[in-house]
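Scroll down for the structure; my scribbles are underneath it.
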Amino acid sequence: MFNAITHSQIYVLDQDEALDFYVGKLGLEVTADIPLGFMRWLTVGVPGDAGRQILLERPGGPMMSEETAAQVRDLVTKGAMAGWLILTTPDCHKTYETLLAKGVEFTEPPTERPYGIDCGLRDPFGNRIRFTQPKG
């Protein structure tokens, strides 16, 4: 029935700050930045891979009332609404050193795993990110 997953969504509290992190530090590229009036449709993706995009969504209307949006923003602030992103890289150690030099804070350094080498970090909003160098 389906042949692809094109978009995944994570909550961010400030879309400009999210752009600074995801594009400025992680090196992703903006795939869409469309003001819709009721919301800003902002997506990023791995350069050269337009088939999969991450929607950086600020909690709010029209999907939720302002009261609910405030509760969701509070939960995001507490880290309770954190999403997950898992990226791949050809060289986990080199990517780690590059991002460390850009001021990215890690929750776990590169670690050998049965499936390869990976490490962990969080974005400014508490979303968990891992990147992996798969075993080759």
Given a 1.4 Å probe, the accessible area of the chain per residue, as a whole number of Å², is 58
What helix-only [θ] at 222 nm does the chain give? Using -39500 (n - 2.57) per DSSP H run of at least 4, over all residues, to the nearest 500, the answer is -5500 deg cm²/dmol
Per-pair calculated FRET efficiency, R0 = 41 Å: E97 and I5 via Cβ, rounded to 0.05 | 0.85
Evaluate the distance, in nm, between pseudo-label points positioned 7 Å from the Cα of D49 and of A69 along their respective Cα→Cβ axes.
-> 3.2
Which three semi-axes in whole Å describe the equivalent ellipsoid of region 55-111, each the square root of 5 times a Cα gyration tensor eigenvalue, listed largest first?
-> 33, 12, 10
Send over the Kirkwood Rh of region 9-136, from the inverse of the averaged 1/r over different Cα pairs, rounded to one decimal Å.
-> 15.5
Could the peptides 83-89, 18-24, 125-131, 111-117 be put in order, highest first, of the mean number of other beta-carbon atoms found within 10 Å of their residues?
-> 125-131, 18-24, 83-89, 111-117
Against the longest alpha carbon principal axis of the chain, how many degrees, from 0 to 90 and to the nearest 10, is the axis of helix 66-77 turned?
-> 20
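The values are calculated or read from the model by the stated rules, or taken from the named source; none is laboratory data. Predicted model, so just to flag it, every value in this text is computed and none were measured. Here Cβ is always computed from backbone atoms with ideal geometry, including for glycine, and neighbour counts include all displayed protein chains. These accessible areas exclude ligands, DNA and RNA; they are computed on the full protein's heavy atoms, side chains included. Shrake-Rupley method; radii C 1.70, N 1.55, O 1.52, S 1.80 Å.
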